[in-house]
Protein chains: 4
Amino acid sequence: MGAQEREEGAVSAGVRREIVDAAARVIAERGESASMADVAAAAGIGRATLYRYFPNREALLVGLTSAALADLTDNIAAAELDSVDVLEGVARLSRAFFRSATRYAALAHMREKYLDKPAELERRVLAPVRELLQRGIDSGELREDVPLELHVEVLTGLYERVIRLVVDGRLGAEGASALVTSVFLRGVGAGRT
Amino acid sequence: MGAQEREEGAVSAGVRREIVDAAARVIAERGESASMADVAAAAGIGRATLYRYFPNREALLVGLTSAALADLTDNIAAAELDSVDVLEGVARLSRAFFRSATRYAALAHMREKYLDKPAELERRVLAPVRELLQRGIDSGELREDVPLELHVEVLTGLYERVIRLVVDGRLGAEGASALVTSVFLRGVGAGRT
Amino acid sequence: MGAQEREEGAVSAGVRREIVDAAARVIAERGESASMADVAAAAGIGRATLYRYFPNREALLVGLTSAALADLTDNIAAAELDSVDVLEGVARLSRAFFRSATRYAALAHMREKYLDKPAELERRVLAPVRELLQRGIDSGELREDVPLELHVEVLTGLYERVIRLVVDGRLGAEGASALVTSVFLRGVGAGRT
Amino acid sequence: MGAQEREEGAVSAGVRREIVDAAARVIAERGESASMADVAAAAGIGRATLYRYFPNREALLVGLTSAALADLTDNIAAAELDSVDVLEGVARLSRAFFRSATRYAALAHMREKYLDKPAELERRVLAPVRELLQRGIDSGELREDVPLELHVEVLTGLYERVIRLVVDGRLGAEGASALVTSVFLRGVGAGRT
DNA sequence: CATGAATGAGGCTTCATTCAT
DNA sequence: AATGAATGAAGCCTCATTCAT
């Protein structure tokens, strides 16, 4: 309201958040091919209004990706993975992922595309995860016959699928988190193999 | 259809198969939004020719889905799951899935859409899988604290993710199959929990 | 409209003038396709405010056209073309046109569209110009082998192009005016032909 | 028709030419803001078909610019300006411009934008023109009190305006060409000044 | 049968315009 | 009176699909 700040920028941060949430929902459900119209409708605004907040489709997806990543980053940081033992660490990590279920589901649909700063994902998400799992391998708590990289794939693969169940409402976030943690660590086998 | 197979959609079955393969490859890599042009190019034919084999996009995807399902169905039938114990059964099942990695990857990208006869999936794929896993639960070889439905989700979730590694050439089908089997049954935990 | 000028479109006449000037500048430079946002920005006001002064784009362009025409009309009237000989008359006419260079440039970009009252242009601009030139033809000071209408086209055509140089700052209004006058009357040829 | 030349390119050169002609007509009349739909309609084809020949609007305008430039270039080259005296040279130059009236009119509407290779315009059009006019100045056939650059502006300014008359059908190309040549060289003044 | 060419429908984006503060 | 926010219409472009050779 000073003297001159005409046009551009500002616009309510609340609406922006609503749009990102709507986009997350829509993309989580219908996949990356969801249209701008779908998102606008889900956010309860007109298509043209959507463009006031995000100048184009890519900007929206970048924004969504970035918000999802921020969530994940925050949750993981708050989990203080390196202050606990590996098993507890995996449990916390799972809760971190399932806490932003819808956004992560959307993120998964978009693969690596739209990453604003790919290094962020690497540094704040993958690195902590790898560190945790590597620690487990080194300590003998995790299998050493499975390469670290596959540990990561398996774990995030489980997240990806089970999060779909959460988004569909078939499972609660807590239950889902516990399930993945448990299955990841013990498998579904009951006894020897 | 003796010598003169006229009537609708006869056309060379060989080309048809090539098209389906091309579609599977393209969809497995670029997702369901791959265009008819992409598929035609991958199959080495013109767009218009593609339409001689599949009258529209949906028909192609139904055809692909159906081919993938047929593969899966055949592989699972050949695995004779009910003639072996549960642990061996899971191993065979995994091999069955990874044997048609690319097609299954495409199938996964398309979710339930395009299922010609949903009952087929239910009867020839899911039913045997459930039967196998239920048998495991009943016999105490699989965890009874995880509902059957989640067993299925976890297992196919692992297939879905790891198959991506196979399609990307980062893992061989055999190794991938063994990995999933082992992780599914034992998890990645090394000791008790 | 004494002290309390209410009724439609009163609003500050000063701002209105600024807007028209801004529009003239923008249209002279970027052509008729300049957007309302461009004009608002150039006028240093918000888009919505612009609409308080001109209810729609056409109204703005009509306003601009009309202002440009008014300028031209005034300048031409002040030139008292019929009180001087033809050669001096052409010189005065040129100065009249170049005096509102930017507005005339904008006018040229818009062609005949947006003329509020086409008769005005005809009566107060074209008529005096034709009268002047016809007088020249009749007196033998201008070529009689070129139809009057083409005299007009050639002269205004020269104005249109050379005014662009003025708007771009490559030529001063006085110099430009002298150039066109001289070229119009003598051409660029140095000797007989 | 060899073995493989699928998609892209080729497409009838005749249609391409028709499109460029249609675009020239439409742009000459309605200005650069003419829509792709306008052009398609003028060419008697569907909008989507237009995109088979020109992948986007810019490509079309570049193509048109390039065609106009080619015309001009050819005509100027064929005029062999440097083999004749300056006065004849100007006459030939004018004919060269008016020979592709519509295309040049369109070119003028688009200003410098869309020039594929700006050097081409410089080297094959402006350079010969400047050379001719400079020769005239040096020989005393053209006025030396007007800078070369203004000679060029005046001449092309006359072309631009008078070509409009040709496009509108108010003047034939030959007459227009003679008019501009004559006015450029002698002005419209009949006697001394 | 195969294919180059043509097209309608639908998604993205901009812009003139309106609304509510 | 001024402005930030919201929107419908219209233009660009892609893609599934059809047609004619």
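Within the range C:99-138, the set of residues being of a type outside the set (A, V, I, L, M) and assigned to a loop (DSSP other than H, G, I, E, B) comprises C:Ser100, C:Arg111, C:Glu112, C:Lys113, C:Tyr114, C:Asp116, C:Lys117.
Conditions tested, residue by residue: (1) under 12 Å from the mean Cα position of the chain (by Cα); (2) more than 9 Å from every other protein chain (Cβ to nearest Cβ).
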residue	(1), (2)
A:Leu93	yes, yes
A:Phe98	yes, yes
A:Val146	no, no
A:Val166	no, yes
A:Gly175	no, yes
A:Val188	no, no
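Within the range D:91-145, the residues that satisfy the criterion of being in contact with a helix residue (DSSP H, G or I) (Cβ under 8 Å, 6 or more places away or on another chain) and of a type in the set (Gly, Ala, Ser) are D:Ala91, D:Ser94, D:Ala96, D:Ser100, D:Ala101, D:Ala105, D:Ala106, D:Ala108, D:Gly136, D:Ser139. The single condition among (1) at pLDDT 95 or above; (2) within 13 Å of DNA strand F (Cβ to nearest atom) that D:Arg30 does not meet is (1). The requirement of being outside any loop (DSSP other than H, G, I, E, B), within 18 Å of B:Glu120 (Cβ to Cβ) and either more than 16 Å from DNA strand E (Cβ to nearest atom) or open to solvent by less than 40 Å² (accessible area, probe 1.4 Å) (or both) is satisfied by B:Ala96. Kindly list the number of the only condition in (1) hydroxyl-bearing (Ser, Thr, Tyr); (2) in a helix (DSSP H, G or I); (3) closer than 25 Å to B:Ile163 by Cβ that fails for A:Thr73. All conditions are met except number (3). Residue pairs whose Cβ atoms lie under 8 Å apart, separated by 6 or more positions or on different chains, with the first residue in the range D:12-30 and open to solvent by 10 Å² or more (accessible area, probe 1.4 Å) and the second of a type in the set (Phe, Trp, Tyr) and assigned to a helix (DSSP H, G or I), are D:Val15/D:Tyr53; D:Arg16/D:Tyr53. State yes or no: is A:Val11 within 16 Å of DNA strand E (Cβ to nearest atom) and either within 22 Å of the chain's Cα centre (by Cα) or modelled with pLDDT of 90 or more (or both)? It is false that A:Val11 is within 16 Å of DNA strand E (Cβ to nearest atom) and either within 22 Å of the chain's Cα centre (by Cα) or modelled with pLDDT of 90 or more (or both).
Does A:Glu18 satisfy the condition of being within 21 Å of the chain's Cα centre (by Cα), modelled with pLDDT under 95 and within 11 Å of DNA strand E (Cβ to nearest atom)? Let's see the steps before the verdict.
Details: within 21 Å of the chain's Cα centre (by Cα): yes; modelled with pLDDT under 95: yes; within 11 Å of DNA strand E (Cβ to nearest atom): no.
So A:Glu18 fails the test.
Just one of (1) in contact with a Lys or Arg (Cβ under 9 Å, 6 or more places away or on another chain); (2) more than 13 Å from every other protein chain (Cβ to nearest Cβ); (3) among the aliphatic types (A, V, I, L, M) fails for C:Leu158. It is (2).
Table: residues versus (1) within 22 Å of B:Gly31 (Cβ to Cβ); (2) more than 11 Å from DNA strand E (Cβ to nearest atom); (3) within 14 Å of chain B (Cβ to nearest Cβ).
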position	(1), (2), (3)
A:Arg25	yes, yes, no
A:Gly44	no, yes, no
A:Leu50	no, no, no
A:Asn56	yes, no, no
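The set of residues in the range C:146-174 that are over 18 Å from C:Ala108 (Cα atoms) and out of contact with any helix residue (DSSP H, G or I) (no Cβ under 6 Å at 6 or more places or on another chain) comprises C:Val146, C:Pro147, C:Arg170, C:Gly172, C:Glu174.
Selection of first residues in the range A:131-144 that are facing chain B (nearest Cβ under 7 Å) and of second residues that are modelled with pLDDT under 95 and part of a loop (DSSP other than H, G, I, E, B), restricted to Cβ pairs under 7 Å at least 6 apart or on distinct chains, gives the following pairs, ordered by first then second residue: A:Gly140/B:Ala190; A:Glu141/B:Ala190; A:Glu141/B:Gly191; A:Leu142/B:Val188; A:Leu142/B:Ala190; A:Arg143/B:Val188; A:Arg143/B:Ala190. Against the test of being open to solvent by 20 Å² or more (accessible area, probe 1.4 Å) and within 26 Å of C:Glu32 (Cα to Cα), the options C:Asp138, C:Asp168, C:Asp82 yield a single qualifying residue, C:Asp168.
This table checks each residue for (1) within 11 Å of DNA strand F (Cβ to nearest atom); (2) in a helix (DSSP H, G or I); (3) within 27 Å of C:His109 (Cβ to Cβ).
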site: D:Arg17; (1), (2), (3): no, yes, no
site: D:Val20; (1), (2), (3): no, yes, yes
site: D:Ala24; (1), (2), (3): no, yes, yes
site: D:Asp38; (1), (2), (3): yes, yes, yes
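Criterion applied to B:Ala91, B:Ala119, B:Ala127, B:Ala78 was being modelled with pLDDT of 95 or more, more than 23 Å from A:Val188 (Cα to Cα) and out of contact with any Leu (no Cβ under 8 Å at 6 or more places or on another chain), and the one residue passing it is B:Ala78.
Mind telling me which of the residues A:Ala40, A:Ala101 ends up being within 16 Å of DNA strand E (Cβ to nearest atom), surrounded by 13 or more Cβ atoms within 10 Å (Cβ to Cβ) and not β-branched (Val, Ile, Thr)? Give the derivation first.
Numbers: A:Ala101 fails: within 16 Å of DNA strand E (Cβ to nearest atom).
Unique residue meeting the criteria: A:Ala40.
If you scan the range A:47-70, which residues turn out to be within 15 Å of DNA strand F (Cβ to nearest atom) and surrounded by 17 or more Cβ atoms within 10 Å (Cβ to Cβ)? Matches in the range A:47-70: A:Leu50, A:Tyr53, A:Phe54, A:Leu60. Restricting the first member to the range A:55-73 and to residues that are touching a residue at least 12 places away in the same chain (Cβ under 8 Å), and the second to residues that are among the polar types (S, T, N, Q) and not in a helix (DSSP H, G or I), the beta-carbon pairs closer than 6 Å and six or more apart or on different chains are A:Asp71/A:Ser100.
Put simply, of B:Leu60, B:Leu50, B:Leu93 the only residue that is closer than 21 Å to B:Ala176 by Cα and not small (Gly, Ala, Ser) is B:Leu93.
The values are calculated or read from the model by the stated rules, or taken from the named source; none is laboratory data. Only a predicted model underlies this, so the values are computations on that prediction, with no experimental measurement involved. When we count neighbours, we look across all protein chains shown, and the Cβ atoms used for this are built from the backbone with ideal geometry, even at glycine. Accessible surface is based on the protein model in full, side chains and every heavy atom, while ligands, DNA and RNA are left aside. Shrake-Rupley method; radii C 1.70, N 1.55, O 1.52, S 1.80 Å.
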